[in-house]
């Protein structure tokens, strides 16, 4: 059979994790029905198929060191995610990936890392942090400071793992919510305000930002005020995509394609591409 | 421009022998010809008795559909009793694929399509196999339309770029000019249908070529145009165009370069197929996300996307420009949006 760039690999849903109190975000653990999992890096994405419905892009939530499986965290949103959420463990879906660039791990080497995430877009940051916290990769970055905000405490993804990260060395975790519940003891603050208050050291740091557009918009000036250069701020972008290989024409920001040239861009690059930053 | 000279291999086919020649050719491969459909002409697979229109300049529908079909099955899926979907990719044809009666504009467009489907990232396998099988019997344009401006975009009525054979309509016959070894191999088995061109015929055709001119302006300086458009992002001119645009997308469908597509599943959860189909950046749903967010929700953003892509993004990415001067969008836009006016608007004086 001819292989072509649009033919997905068949993957079995090995496990489904219900992530949040509202039950509309599920993590799908996929194992290949045939072949191997193609090697990937944090920040890359794949097109996930539900046969008969279509395809949509999702960032890898798993880290490459987790062998034999991949994970995608999916919010119920449109037609495809609706159907994906109806599938049970054992069902077979399609996967095309990895697609896109990744976080520029070489640029993080020897640097402190400030990671700023919000809402459901945290998935790709989980891949990055889990990767950098493995013993064989921990030396690739210095101190990691993570800011992660959601609307309310029930909406944090990967809660058991967040708890483990609290004890990690050279790692500080700053969780925040827009609105607390009775059990919440952490800060109630918008992500940009918390970043400003904590004011992590930036002399030898780079930052990674991924989240809803308003969070990104208000966080960027804070990071720049703290002393980060626009070349040291990395942003993972999202756009509607179909092909994932720079052909279908949807996801361009100016002359660059988010699917092929991104999804990770520096703030400097984004400022050259669009007026939105 | 290639001038007729006696070192070319030149053959004459009487017009009444054309159907027999095409039928013979079609026995050994896939043959696409321009067929009158309604008021336009479109490229369709040849079969005996099909009318052929070699006069429409250019055919209303572009030849891109030969390499980039309007819809193409990428794979089929079928779930057995175990519920596991089996995926099957359609077999590719391995015979030659002849595009007959294609004009210079559409052949220049293939350079742009190659950049997208073969060079931009991974090669698109379906496009690649058709491209490798492609042999082109192009046709010279003796009567360019009022909307033609290929002469400003790198082509010309007698330009032979991308052709293995060029035909020139000539009295009650066609001159076939073999230009490549591929063209030679293609025609060689069928030379019984032809007569060798004599000196008189060659002189008459050379005169035809001399007499056919298209002089719509100076060749466009694409670097210059690209910079001008890049630096006029907020020009009110784009709003003027957006106000005129209906968002119907006809400009993209008739464009030989436009190649935006969508991927859709057709079928039931049990069995069906994934299809690639033409789509258009002029539709508001093209970039609309599941959340409702739409980065190009405004008409002006879509109008800019069309022209920025053609004249700025392509050049910036070192790909061929997204316009070859076929004039189809000019002829077919219901509100007379004219890409030549856009070029004029941003070309510096004196160029």
Would you call residue A:43 on the phi > 0 side of the Ramachandran plot, in a loop (DSSP other than H, G, I, E, B) and within 9 Å of another protein chain (Cβ to nearest Cβ)? no
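Does residue B:149 fit the bill of being away from chain A (no Cβ under 14 Å), buried (at least 22 other Cβ atoms within 10 Å of the Cβ) and farther than 21 Å from residue B:43 by Cβ? Spell out the reasoning first.
Working: away from chain A (no Cβ under 14 Å): yes; buried (at least 22 other Cβ atoms within 10 Å of the Cβ): yes; farther than 21 Å from residue B:43 by Cβ: yes.
For residue B:149, the condition - away from chain A (no Cβ under 14 Å), buried (at least 22 other Cβ atoms within 10 Å of the Cβ) and farther than 21 Å from residue B:43 by Cβ - is met.
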Index of the failed condition, residue B:260 passing every other in (1) more than 9 Å from chain A (Cβ to nearest Cβ); (2) crowded, with 17+ Cβ neighbours inside 10 Å; (3) within 25 Å of residue A:47 (Cβ to Cβ); (4) within 21 Å of the chain's Cα centre (by Cα): (1)
Say whether the condition of being more than 14 Å from chain A (Cβ to nearest Cβ), more than 20 Å from residue B:314 (Cα to Cα), at pLDDT below 95 and not in a loop (DSSP other than H, G, I, E, B) is met by at least one residue in the range B:211-220. yes
From A:33, A:84, residue being in contact (Cβ under 8 Å) with a residue 40 or more places away in the chain and more than 9 Å from chain B (Cβ to nearest Cβ): A:84
Restricting the range B:274-292 to residues that are more than 8 Å from chain A (Cβ to nearest Cβ) and under 18 Å from residue A:248 (Cβ atoms), the residue that is surrounded by the fewest Cβ atoms within 10 Å (Cβ to Cβ): B:285
Can you confirm whether residue A:168 is in contact with a strand residue (DSSP E or B) (Cβ under 9 Å, 6 or more places away or on another chain), part of a loop (DSSP other than H, G, I, E, B), closer than 14 Å to residue A:119 by Cα and without any contact (Cβ under 8 Å) to a residue 60 or more places away in the chain? no
Looking at residue B:341, is it under 22 Å from the mean Cα position of the chain (by Cα) and within 11 Å of another protein chain (Cβ to nearest Cβ)? no
Screening B:34, B:59 for residues that are part of a loop (DSSP other than H, G, I, E, B), more than 19 Å from residue B:182 (Cβ to Cβ), more than 14 Å from every other protein chain (Cβ to nearest Cβ) and under 15 Å from the mean Cα position of the chain (by Cα) leaves only B:59
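Of all residues in the range B:70-100 being away from chain A (no Cβ under 14 Å) and surrounded by fewer than 17 Cβ atoms within 10 Å (Cβ to Cβ), which is nearest to residue A:92 (Cα to Cα)? If you could, list the steps in order and put the result at the bottom.
Taking the range B:70-100 as the starting set, the residues that turn out to be away from chain A (no Cβ under 14 Å) are B:70, B:95-100.
If we keep only those that are surrounded by fewer than 17 Cβ atoms within 10 Å (Cβ to Cβ) as well, we get B:70, B:95.
Values: B:70: 30, B:95: 36 Å.
By that ranking, first place goes to B:70.
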Residues to consider are A:79, A:91; find the one that is in contact (Cβ under 8 Å) with a residue 24 or more places away in the chain, surrounded by fewer than 22 Cβ atoms within 10 Å (Cβ to Cβ) and closer than 23 Å to residue B:288 by Cβ. A:79
Selection within the range A:74-118 - within 16 Å of residue A:23 (Cβ to Cβ) and in contact with a helix residue (DSSP H, G or I) (Cβ under 8 Å, 6 or more places away or on another chain): A:74, A:75, A:76
Can you say whether residue B:330 is at pLDDT 95 or above, buried (at least 18 other Cβ atoms within 10 Å of the Cβ) and not in a loop (DSSP other than H, G, I, E, B), as far as the supplied structure shows? yes
From the residues in the range A:230-274 that are assigned to a strand (DSSP E or B) and free of Cβ contacts under 8 Å to residues at least 60 places away in the same chain, which one is farthest from the other protein chains (Cβ to nearest Cβ)? A:233
Testing residue A:52 on (1) away from chain B (no Cβ under 14 Å); (2) farther than 30 Å from residue A:185 by Cβ; (3) touching a helix residue (DSSP H, G or I) at 6+ places or on another chain (Cβ under 9 Å), one condition comes back false. Which one is that? (1)
Has the range B:121-136 got at least one residue that is assigned to a loop (DSSP other than H, G, I, E, B) and touching a strand residue (DSSP E or B) at 6+ places or on another chain (Cβ under 6 Å)? no
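The values are calculated or read from the model by the stated rules, or taken from the named source; none is laboratory data. On a predicted model such as this, the values are computed, not experimentally measured, just so you know. Note: ideal-geometry Cβ built from the backbone for every residue, glycine included; neighbour counts use all protein chains shown.
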